[in-house]
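Visitor: I have a structure here, written as structure tokens, and I will follow up with some questions on it.
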Amino acid sequence: MNRHVSGIIGCLILTACIVNGQDKLYSNEFALADVKLLDGTFKKAMDLNTSILLKYTVDRLLYPYRLAAGLSTMGASNYTNWSCTAADQSFCIDGHVGGHYLSALSMQYAATGNAQCKERLDYMITELEKCQDANGKDADFTGYLCGMYDGKAMWRSFKAGNFATEGKNVVPWYNIHKTYAGLRDVWVYTGNETAKTMFLKLCDWGIKICSGLSDAQMQSMLGNEHGGIDEMYADAYQMTNDTKYLTASKRFAHKWLYDGIYLFQGRCWSITD
């Protein structure tokens, strides 16, 4: 087969597989390992992706999680992009890249079987579990796992119904959503049961932190960018069949957005009818 054609076919199959990668949550999907790229442009791109992922220093990505949990940062320094310090608190979304990294390593390992990706994943989950356990020494933060700078003070404020971020930790739910998604993806793509347990503990923390908020307060809080946090709770329900997660998913649904979509669809239907 022509190399160019084979590369295109490989890309199309891989694209379909990435879209349908969550076989543990959706029974009509298949695993990334079922797809093999032939030699060509797209195989080179995948190999490049692996090499770039392996250039990151894992302890630097773990830095904000360890700092937030009151643990030793192991002599590492924080990556500076989108990080926050005492001297500069203008735009703080510390820790979210670590969540993205968990997802990226998981998918890359599932697609390629690269042992170094798996080794990094296992190390990160082991160390993040220590952070989650350390956070649990405070009853308000049992199950909590995030790298936000001074995040616990902000979450206590949210728990009390005050959703002002004042320039610090500007998009907290968007930020922590990446950790939710990373833990979920480690389980989905590699079968790591510890990651699943950690994910559900984080879900339980989120339910607890919002337990005293009215529906109106929830909607006010969701006026700030919040990522796909409602999807995380839908996935938790899919994993466990526990209705508390389905209820939480509905509470995290931003009515301003969804009601607007329904209204738009209704207008479209009335026009076409």
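Please treat every number below as a calculation from the coordinates, not as lab data. Nothing here was measured: the structure is a model prediction, and the numbers come from that model. Heads up, the Cβs are rebuilt from the backbone with ideal geometry, glycines too, and the neighbour counts pull from every protein chain shown.
Visitor: What lysines sit close enough to LYS159 to cross-link, taking a C-alpha to C-alpha distance under 21 Å and skipping anything fewer than 8 places away on the same chain?
Guide: Those lysines meeting the cut-off are LYS137, LYS168, LYS178, LYS201, LYS208, LYS244, LYS250, LYS255.
Visitor: Taking a cut-off of 18 Å between Cα atoms, list the lysines near LYS55, but don't count ones fewer than 8 places away on the same chain.
Guide: Those lysines meeting the cut-off are LYS44, LYS118.
Visitor: Among VAL186, VAL170, what is the fewest-to-most ranking by other Cβ atoms within 10 Å?
Guide: In increasing order of surrounding Cβ atoms, one gets VAL170, VAL186.
Visitor: Oh, and also: Would you indicate which of (1) 13.2; (2) 17.7; (3) 14.2 is the value of mean projected area of the Cα convex hull in nm² derived from the coordinates of this structure?
Guide: Checked against the structure: label (2).
Visitor: When you count, for each residue, the other Cβ atoms within 10 Å and take the mean per peptide, how do 145-153, 33-41, 202-210 rank with the highest first?
Guide: 145-153, 202-210, 33-41
Visitor: Ok, one more. Subtracting the Cα-Cα distance from 0.36 nm times the residue separation, let me have the gained length for ASP122 to ASN241 in nm, one decimal.
Guide: Computed gain between ASP122 and ASN241 is 40.1 nm.
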